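The values are calculated or read from the model by the stated rules, or taken from the named source; none is laboratory data. These numbers come from a predicted model, not from an experiment. Positions of Cβ are backbone-derived with ideal geometry, glycine not excepted, and every protein chain shown enters the neighbour counts. The accessibility values were calculated without ligands, DNA or RNA, using every heavy atom of the protein model including side chains. Shrake-Rupley method; radii C 1.70, N 1.55, O 1.52, S 1.80 Å.
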Amino acid sequence: MRLVRRIAQAKRIVERTQKRELAIGLVPTMGYLHEGHLSLVRIARKKCDFLIVSIFVNPTQFGPKEDFRRYPRDLRRDLRLLKMEGVDLVFYPSVREMYPAGYRTYVEVHEWSRLLCGASRPTHFRGVTTVVLKLFNILAPDIAVFGRKDYQQAVIIGKMVKDLNLRIRVITGPIVREKDGLAMSSRNKYLNARERKNALVLGESLKWVRQAYKRGLRDPQAGILRMNRMIKGKGGRIDYIEMVDKNTLEPVRKLKKGTLVALAVFFGKTRLIDNTIL
Ligand code: AMP
């Protein structure tokens with residue numbers, strides 16, 4: 001497994017790989033890896049010949065008051081885990097390498113970048129699509145794998161790929177949870193013991209809405225109201241709870257198969273996201 005920090009060097013390796021007609025797979029991450037990331041690496045490993053994982057804590061997707069500086073990092077551990085998964089190349093650029101002085105260009109999937117998480121994080125998805133497009137251009141993957149934990153992100157990247165006619169197959173993997181139901185996230189590290197326990201209500205509220213839907217619940221507002229109460233009862237500060245079409249992210253008037261129930265909730269200072277599809 002090679003560790004590459006320079007764009008020029010990564011491009012040279014990619015060119016050689018393309019000449020050998022090997023299919024390139026990419027799993028973009030911000031590091032501090034857990035089983036959620038590794039599940040995507042395993043999906044990608046089966047679908048390509050040459051597997052690249054990028055580790056880059058992307059400053060442009062963090063707001064000015066967000067956790068860019070204190071975002072957890074542990075490169076040595078990440079590399080050990082990735083080596084065990086048979087990854088061929090880890091791309092680990094510096095911020096300066098990706099955004100040299102004078103950097104000016106951003107891509108945005110208009111409107112969708114302001115829905116759900118975009119309402120309270122207005123520049124987040126612009127940062128995500130920009131860095132992902134840069135990674136696609138540098139690493140030229142045939143397939144790229146994203147987690148459904150960040151459902152909106154996967155939908156927005158799929159839309160960018162379609163709208164910009166990129167020749168990349170976007171694949172998504174299911175949410176990986178801890179045994180007690182908390183969706184795995186690098187940010188779970190921020191939670192203290194009480195917040196960690198209270199945060200279980202997120203998975204529980206999503207389980208409740210799935211069951212309620214099976215029993216005949218069709219009114220999104222009634223569902224949102226009940227989830228709201230459940231979560232507030234555990235001290236969660238709600239950013240949003242929404243029930244939307246899983247392809248267009250438009251709010252639905254009636255719950256149906258394929259409705260995405262997505263939420264973002266603060267426990268203490270930590271903002272957690274989770275979702276389910278009915
Ligand atoms: P991040 O390092 O948080 O930027 O995440 C990198 C990739 O891993 C994204 O595609 C995420 O959606 C995915 N991911 C993060 N947590 C999970 C999880 N618990 N289950 C599945 N995929 C995940």
Completion exercise
Counting only protein heavy atoms and rolling a 1.4 Å probe, one gets per residue an accessible area for region 66-113 in Å² of 65 Å²
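Of LYS47/LYS149; LYS232/LYS256; LYS234/LYS254; LYS149/LYS234; LYS134/LYS189, which pairs sit farther than 24 Å apart, going by alpha carbon to alpha carbon? Don't skip to the end; give the middle numbers.
Values: LYS47/LYS149 21 Å; LYS232/LYS256 26 Å; LYS234/LYS254 27 Å; LYS149/LYS234 22 Å; LYS134/LYS189 29 Å.
The pairs that break the limit, which is 24 Å between Cα atoms, are LYS232/LYS256; LYS234/LYS254; LYS134/LYS189.
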Problem - HN-Hα J in Hz across region 253-266 - Karplus 6.51, -1.76, 1.60, θ = phi - 60°, x for Gly and Pro - result: 8, 9, 5, 8, 4, x, 6, 8, 9, 10, 8, 9, 9, 8
Problem - Full-stretch length increase - LYS46, TYR106 - with 0.36 nm per residue and alpha-carbon distance subtracted - result: 18.4 nm
Completion exercise
For ARG177, the net charge from surrounding residues (Cβ-Cβ under 10 Å; K, R +1; D, E -1) works out to -2
Handout entry: region 5-65-region 175-210 distance, computed between alpha-carbon centres (Å)
Key = 27 Å
Exercise for the section: For the chain, find the longest principal axis of its Cα atoms and tell me its angle to the long axis of helix 35-47, 0 to 90°, nearest 10. Expected result: 50 degrees
Handout entry: Per-residue SASA entry for GLU204, accessible area with 1.4 Å probe, Å² rounded to 10
Key = 90 Å²
Completion exercise
Each label sits 7 Å from Cα toward the beta-carbon; between ARG77 and ARG169 the label points are separated, in nm, by 3.4 nm
Handout entry: Between helix 124-139 and the chain: long-axis angle, C-alpha atoms, 0 to 90°, nearest 10
Key = 30 degrees
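What shape does region 1-62 take by its C-alpha gyration tensor, where a ≥ b ≥ c are the square roots of the eigenvalues and a/c under 1.5 counts as rounded, a/b above b/c as prolate, and the rest as oblate? Let's see the in-between values first.
Working: a/c = 2.48, a/b = 1.24, b/c = 2.00.
The shape class here is oblate.
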Fill in the blank from the handout: Distance in Å, no decimals, from the C-alpha centre of region 70-148 to the one of region 214-271 is 27 Å
Fill in the blank from the handout: Relative contact order of the chain (C-alpha contacts under 8 Å, at least 6 apart) in percent is 17 percent
Completion exercise
What helix-only [θ] at 222 nm does the chain give? Using -39500 (n - 2.57) per DSSP H run of at least 4, over all residues, to the nearest 500, the answer is -11500 deg cm²/dmol
